[in-house]
Amino acid sequence: MIFDVSVQGRTVKAEVKETTADGYTVVIDGRPHVVDFRETGRDFASLLLDGRSFEAGLERKEDGFVVHLPADNIAVALHEAARGSAAAHKKASGPSRVTAPMPGKVVRVLVETGQEVAAGAGLLVMEAMKMENELRAPRAGRVQSVAAREGLAVETGALLVVIE
Amino acid sequence: MKGFQKILIANRGEIAVRVIRACRELGIGSVAVYSEADRLALHVRRADEAYEIGPAPSRESYLRMDRILDVAKRSGADAIHPGYGFLSENAAFARACEEAGITFIGPRAETIQAMGEKTSARRIAVEAGVPVVPGTLHPVTSDDEIRREAARIGFPLMLKAAAGGGGKGLRLVPHADDLATAVDRARSEAKSAFGDDSVYLEKAVLKPRHIEIQVLADAHGNAIHLYERECTIQRRHQKVIEESPSPFLTPELRERMGALAVALVKKVGYVNAGTLEFLVDKDREPYFLEMNTRLQVEHPVTEMVTNLDLVKLQIRVAQGERLPITQEDVRQTGHAIECRVYAEDPERGFLPSPGRIVALRVPGGPGVRDDSGVYEGYEVPIHYDPMISKLVAWGRTREDAINRMRRAVSEYKVLGIQTTLPFFERVMRHPDFLAGDFDTSFVDVAFRRHEVVREAPWEVAVAAAAIQAFRDRKARRGALSQSAGAAPVSGWRVRGWREGAGGRL
């Protein structure tokens, strides 16, 4: 099985071949690695990779895993090469959408529709976990719409302000 | 003297668990209180009894004195431990406990009032001969007065909530232009955190170290200090790493600050555990900042180097006992470091990252302590402080403690939410931290500037992820064939299907 992988800004190919019940050969960009992989609990595995031992936490994400290694958490996005390229980079364009970076509450809205804002200008203040954070304009422009209302509880990714 | 039979813990999270542990070791019953959002919090699970006190927002639950006192009476608790935050420095609450005939495990209401209100504490310190940072000695409320005082003190200055603590309602104001925004933000935070929006101003001390002295006093006039904690490494004016001893203090300055602290404690007739916070400037001059009239988050650091149990000592002193130790008995042995594990993303400016802890593995082994308030499967709520645990490492020397902390961090796994653990891994090998050479700007400035970047073992991560993905796909196909097998079909059809599936794998 061949995967297109992106990790820490790199794009590589990784081929997984099952050799025994828990034994694999993983070829990463042409370099083969002999890996013994055993699950050590839900979301954890012990890897012996070319003889080196690693305990890995495997946190499932929509597009792959965050792999928790002893000193690093590394996001690995991957999909099977055969049907891969279609899912590749979709580029956002047009108006800038400012969304909630965390779940929380809108404490204050500092702009209104139609207002011109400079890059870095405060748009609204959110409170989460007792801290207030000001969300700023990603670029200069005119406020096209304001979905945020004072007192509104929002989830991560909720649309707050659109700048055109 | 009669000991407590039952203690109510007016708090949540790891500190409530910490107090429950002390109660259990002392054979004292524990009563938890919890908000609607906290039914499944660890402190509720660990306590002997637990009672709901209201909706999720603190103002409607953990800050409701009436409901907490009602639970105390109903459950027959003879004392209340307030932990830190919430009502721990609320003089009205301490007084209400006294009036209800329930012992408040902390100082007397008058002392909380005198030392808890920051400008009054500064005035008392001045009277006790303890140096303070130049600034206002009274709270200021009107914008006019704030502008006038700011001009007198000069910029940069610190704007602080008079009723504050824990970094809330606190802002650095670099220039006069930033004053208005900072005042708005500080007041709004102070109002929501403490119910009081008055502020005061202090000259900003440049390149300061944040060093505090732990004190302990009984009701019989005995007061001792338990040496210092170095709390300089902060983000958003909140501590993230603490250690003891401080690599910055000389033996002379350590003794001097200890003596100043004891003098101030005796001056106000302080009883129970408390902490005096100092800024120490680059010339090693200490300035008293404020007193925390409660147990501190970072108390385990002191416990590890002094071999004392501060919570048990708090309880014994509150029972009216004399301190079982004198100043001469207190020794600082070895070195301890604490890392506060927050549900925050260090890669995105320490933004809160609440959510469900999908999987959790906690370090152990020699010299490692994890004071946690969470567990695997627990949902970290958005309503409260994002600290989920305090990881503490002890070693004979600072170097040993750092190496041990790095080892412990490497064993610690929290899946499902972002935490500050990866940040600690980087700090524990940062040249400035290893050299003990840092000030309060470390996280924002020196950290990035001087960090030695190490290449992560990304191939290992790719191999792990690719194999797991491979196994997931294989398991999905296996499940498909199994569900087909479970259907009431004839033997030959099952065999045929399995062979077909096997051929595809």
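Quick note: the coordinates plus some simple rules give every number you see, no bench work behind them. Keep in mind that this is a model prediction, so the values were computed, not measured. Ideal geometry is used to build each Cβ from the backbone, glycine not excepted, and the neighbour counts take in all protein chains shown.
Listed values for region B:282-296 are Karplus-derived 3J(HN,Hα) couplings in whole Hz (6.51 cos²θ - 1.76 cosθ + 1.60, θ = phi - 60°), namely 5, 8, 6, 9, x, 10, 5, 9, 6, 10, 9, 8, 6, 6, 9, and x replaces Gly and Pro. The HN-Hα couplings worked out from phi for region B:172-184 by the Karplus form 6.51 cos²θ - 1.76 cosθ + 1.60 (θ = phi - 60°) are 8, 10, x, 9, 4, 4, 8, 5, 4, 4, 4, 4, 4 Hz, whole numbers, x standing for Gly and Pro. A cut-off of 5 Å between modelled amide H atoms, ignoring neighbours fewer than 5 places along the same chain, links residue B:199 with B:140, B:162. By the gyration tensor of its Cα atoms, with a ≥ b ≥ c the square roots of the eigenvalues, what is the shape of region B:231-314: rounded for a/c under 1.5, prolate for a/b over b/c, or oblate? Rounded, since a/c falls under 1.5. Shape verdict for region B:1-96, please, from the Cα gyration tensor: rounded (a/c under 1.5), prolate (a/b greater than b/c) or oblate. Verdict is oblate for region B:1-96. If you run the Gaussian network model on chain A, springs between alpha carbon atoms under 10 Å, then out of A:61, A:13, A:130 the most flexible one is A:130. In chain B, the sites counted are trypsin sites (Lys or Arg not before Pro) in DSSP loop states with at most 14 other Cβ atoms within 10 Å, and the longest stretch holding none of them, exclusive of the sites, is B:40-281.
All other residues whose Cβ lies under 9 angstrom from that of residue A:57 are scored, Lys and Arg at +1 and Asp and Glu at -1, for a net of -1.
Backbone amide hydrogens, once placed in the peptide plane, bring residue B:380 within less than 5 Å of B:355, B:356, B:357, excluding anything fewer than 5 places away on its chain.
The sum of -39500 (n - 2.57) across all DSSP H runs of n ≥ 4, divided by the residue count of chain B, sets its helix-only mean residue ellipticity at 222 nm to -11500 deg cm²/dmol. Scaled against 2.2 N^0.38 Å for its residue count N, the alpha carbon radius of gyration of the protein assembly as shown is 1.06. Straight-line cross-link partners of residue B:191 among the lysines, defined as a Cα under 21 Å from its Cα and at least 8 positions apart when in the same chain: A:105, A:130, B:118, B:160, B:168. Remark: region A:4-14, residue by residue, has Karplus-estimated 3J(HN,Hα) of 8, 10, 10, 8, 6, x, 9, 10, 9, 9, 10 Hz, where x stands for each Gly or Pro and the curve is 6.51 cos²θ - 1.76 cosθ + 1.60 at θ = phi - 60°. Averaged over the residues of A:59-71, the number of partner chain Cβ atoms lying within 10 Å of the residue Cβ comes to 6. The C-alpha atoms of chain B define a longest principal axis, and helix B:251-267 lies at about 70 degrees to it.
For residue B:388, what residues show an amide H to amide H distance below 5 Å, using hydrogens built from the backbone and excluding near sequence neighbours? For residue B:388, the qualifying residues are B:341, B:342, B:343. Angle of helix B:118-127 to the longest C-alpha principal axis of chain B, folded into 0 to 90 degrees and rounded to 10: 40°. What lysines does residue A:17 reach when the alpha-carbon gap must be under 16 Å and sequence neighbours fewer than 8 apart in one chain are set aside? Result set, ordered by chain and number: B:474.
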